[in-house]
Amino acid sequence: MAMILNIREIYRLIHRVSNRLNMWLNRAKLSLFGIEYGYNCVVHGRLYIKLRSSAKVQIGNNFYFSSGRNINALCANKRGSIYATNGASIKIGNNVGMSSTVIWCHKSVEIGNNVKIGGNCILMDTDAHNINYIYRRNPSTDSPKEIPIIIEDDVLLGMNTI
């Protein structure tokens, strides 16, 4: 029994050290992509980031993002991502927490303060393809609809919300 407890303690220690290293690596990754972030920015796991040259991302203070690695049992091992096209703007307020969230921004995504976004949520400000099947047949007429997303302060999005 004592051996099992020691193995569990060692595993927890390795997990904590790994999370701490990932947090520092993810902060460096955010900076490399030109993402502005406030103090106490914590991203655990591997975050996928793809930003076009004129996209802008701002993150407030006390930001938490868990991405994969079974950090949140409700998300299993799904990786979170931030994707923004040219001219897109993502603004995330203070005290925001997300778990394996996908943010896909073509125009604008604005998240207020004190917002919690449950596991596996997807925020898309575009429908990606035209709703009318006739227009979808031809790439020149398959233009998606883009409407900005605004999530106000103190909102909770439940798990698997799209």
*Restricting to the stretch 84-99, what's the tally of residues that are open to solvent by 50 Å² or more (accessible area, probe 1.4 Å) and closer than 12 Å to Ser54 by Cα?*
2
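Here is a yes/no grid of residues against (1) among the charged types (D, E, K, R); (2) at pLDDT below 95:
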site	(1), (2)
Gly118	no, yes
Asp125	yes, yes
Asn130	no, yes
Ile134	no, yes
Arg137	yes, yes
Ser140	no, yes
Ser143	no, yes
Glu152	yes, no
Ile162	no, yes
_I need the full set of residues from the stretch 139-158 which are open to solvent by 90 Å² or more (accessible area, probe 1.4 Å) and part of a loop (DSSP other than H, G, I, E, B), in order please._
Pro139, Ser140, Lys145, Ile147, Glu152, Asp154
*Could you list, in sequence order, all residues of the stretch 24-40 that are part of a loop (DSSP other than H, G, I, E, B), exposed (fewer than 12 other Cβ atoms within 10 Å of the Cβ) and not aromatic (Phe, Trp, Tyr)?*
Gly34
*asked:* I need a count of the residues in the stretch 116-138 that are within 25 Å of Tyr48 (Cβ to Cβ) and either not small (Gly, Ala, Ser) or not in a loop (DSSP other than H, G, I, E, B) (or both).
replied: 11
*Which of the residues that make up the stretch 41-59 are more than 21 Å from Lys78 (Cβ to Cβ) and open to solvent by 80 Å² or more (accessible area, probe 1.4 Å)?*
Arg52, Ser53, Lys56
*Out of the stretch 55-81, which residues are modelled with pLDDT of 95 or more and either among the hydrophobic types (A, V, I, L, M, F, W, C) or in a loop (DSSP other than H, G, I, E, B) (or both)?*
Ala55, Val57, Ile59, Gly60, Asn61, Asn62, Phe63
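The values are calculated or read from the model by the stated rules, or taken from the named source; none is laboratory data. Small disclaimer: the values here were computed from a predicted structure and weren't measured. Neighbour counts are summed over all protein chains in view; Cβ atoms, including those assigned to glycine, are modelled from backbone coordinates with ideal geometry. Accessible surface areas use protein heavy atoms only, side chains included; no ligands, DNA or RNA. Shrake-Rupley method; radii C 1.70, N 1.55, O 1.52, S 1.80 Å.
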